[in-house]
Amino acid sequence: MTRRTGRPELVAPLVQVPLPELGVHLEGASVAGVETWLRVPEWGLAIDVGRAPELAARCKVLALTHAHMDHAGGLGHYLALRKLYGHRPTTVAAPAEVCDELRAIVTAWERLHGAPFDWRLVPMRPGDELELDGGRRLRALAADHVVPALGYAVVVTQ
């Protein structure tokens with residue numbers, strides 16, 4: 001929060017955390033109510049998309065924890081950036097309870113954009129898994145929030 005206004009900053013600083021034991025690093029940004037996103041660039045995986053920073057759009061798999069605007073509001077922009085850069089196809093995992101609404105939002109953005117996005121929406125429930133590259137799986141975990149939400153773990157299968 002800023003000292004003068006007591007309101008949150010509108011730009012979240014980029015944080016990078018090396019995880020040498022896994023051969024990856026995490027990077028992302030979070031300001032509650034404004035924007036939250038995280039990515040593991042070496043795995044092409046983003047968790048949440050915030051306002052769709054270009055760094056997140058480099059990831060071919062996006063796992064949404066829940067559909068609040070600060071976590072999922074940039075979904076349409078993320079898909080448009082992926083299309084613009086020629087990075088397709090894209091897989092988006094999300095809590096099953098919000099998938100109809102997410103699909104409707106993206107359908108509207110496709111109409112406004114004038115072209116479809118090359119994406120696949122995967123409804124997830126706790127315990128469900130999504131195959132990732134490199135012998136890894138994304139596992140959905142139960143999460144407690146005011147709206148349907150999931151946590152995620154990456155499981156190495158090799």
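Here are the numbers for the structure shown:
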item	result
Accessible-area ranking of ASP118, ASP70, largest first, probe 1.4 Å	ASP118, ASP70
Cα-based shape type of the chain, given that a ≥ b ≥ c are square roots of the gyration tensor eigenvalues and the cut on a/c is 1.5	rounded
Size of charge dipole - the chain - debye, nearest 20, with Cβ of Lys, Arg +1 and Asp, Glu -1, no other charges	360 debye
Per residue accessible area of the chain, 1.4 Å probe, in Å²	55 Å²
Taking the chain and dividing mean pair separation by its residue count, relative contact order in percent (alpha carbons under 8 Å, at least six apart)	14 percent
CD proxy at 222 nm, helix term only [per DSSP H run n ≥ 4: -39500 (n - 2.57); per residue of the chain; nearest 500]	-5500 deg cm²/dmol
Whole-percent carbon and sulfur share, accessible surface of the chain, 1.4 Å	56 percent
Residue with peak Gaussian network fluctuation, the chain [Cα springs, cutoff 10 Å], from VAL24, VAL15, VAL146	VAL146
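The values are calculated or read from the model by the stated rules, or taken from the named source; none is laboratory data. Remember, predicted model here, so these are calculated numbers, not experimental data. Neighbour counts run over all protein chains shown; Cβ positions are idealised from the backbone, glycine included. Quick note on the areas: whole protein, heavy atoms, side chains included, nothing else; ligands and nucleic acids left out. Shrake-Rupley method; radii C 1.70, N 1.55, O 1.52, S 1.80 Å.
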